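Input: a single structure, listed below in structure tokens.
The values are calculated or read from the model by the stated rules, or taken from the named source; none is laboratory data. Keep in mind that what you see is a predicted model, and the values were worked out from it rather than measured. All Cβ positions, glycine included, derive from the backbone under ideal geometry; neighbour counts span all protein chains shown. Calculation scope for accessible area: heavy atoms of the full protein, side chains included, ligands and nucleic acids excluded. Shrake-Rupley method; radii C 1.70, N 1.55, O 1.52, S 1.80 Å.
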Amino acid sequence: MRCLFCNFEDSKVVDSRSADEGRTIRRRRECFNCGKRFTTYETIEDTPVLVIKTNGARQAFDSQKIKNGIIKSCEKRPVSMNEIDEMVGAVTKQVYNSMEQEVSSKYIGELVMTELKKHDEVAYVRYASVYRSFKDISSFLEELQTMMETKK
């Protein structure tokens, strides 16, 4: 494994442990050249899932995009990175467990909103306002009223 710091091509494994419910192995490595340590992850190669966008275009599923959207909606909210990672993991797991090779972006958006609603309602509303692209204040109010009714 190439060192991140000096690009030397040889390192040794200092520590290995299971991560992500046994789907990933986290390895701490030490470079033989500079002695610095870095972390690598070994994961199972998944069958690619394609996302069908609203315009019909297809692209590879990328959990980092989900994470970025959740981070943006949780900005300045009391939601920890650990909770965000849990939400991303839950959405990713549901996408892969669907056993479909193609899923719609709408399906993924609904999964994200379900997770956000469990953790932070303000972040949920922020995400929904972009995802559902509210055209005016009345459609925004309808969503809030629906939330308030389900909470009762």
### Task
Go over the candidates THR39, THR24, THR43 one by one and state the one that is polar (S, T, N, Q) and touching a Phe, Trp or Tyr at 6+ places or on another chain (Cβ under 8 Å).
THR24
### Summary
Filtering segment 104-137 down to residues that are over 24 Å from the mean Cα position of the chain (by Cα) and modelled with pLDDT of 75 or more yields none
### Task
Please state which of the following conditions LYS67 fails to meet, knowing it meets all the rest: (1) outside any loop (DSSP other than H, G, I, E, B); (2) out of contact with any Asp or Glu (no Cβ under 9 Å at 6 or more places or on another chain).
(2)
### Message
Going residue by residue through segment 41-48, is there one that turns out to be at pLDDT below 95, farther than 30 Å from MET147 by Cα and of a type in the set (S, T, N, Q)?
### Response
yes
### Task
Please work out which one of (1) in contact (Cβ under 8 Å) with a residue 24 or more places away in the chain; (2) among the aromatic types (Phe, Trp, Tyr); (3) in a strand (DSSP E or B) is the condition PHE8 fails and give its number.
(3)
### Query
Hey, among the residues in segment 77-119 that are in a helix (DSSP H, G or I) and of a type in the set (Lys, Arg), which one's least open to solvent (accessible area, probe 1.4 Å)?
LYS117
### Query
Across segment 51-76, what is the number of residues that are touching a residue at least 40 places away in the same chain (Cβ under 8 Å) and surrounded by 13 or more Cβ atoms within 10 Å (Cβ to Cβ)?
8
### Query
Any residue in segment 33-45 that is among the aromatic types (Phe, Trp, Tyr) and either in a strand (DSSP E or B) or open to solvent by less than 60 Å² (accessible area, probe 1.4 Å) (or both)?
yes
### Task
From LYS93, LYS106, LYS151, grab the single residue that is of a type outside the set (Phe, Trp, Tyr) and in contact (Cβ under 8 Å) with a residue 24 or more places away in the chain.
LYS106
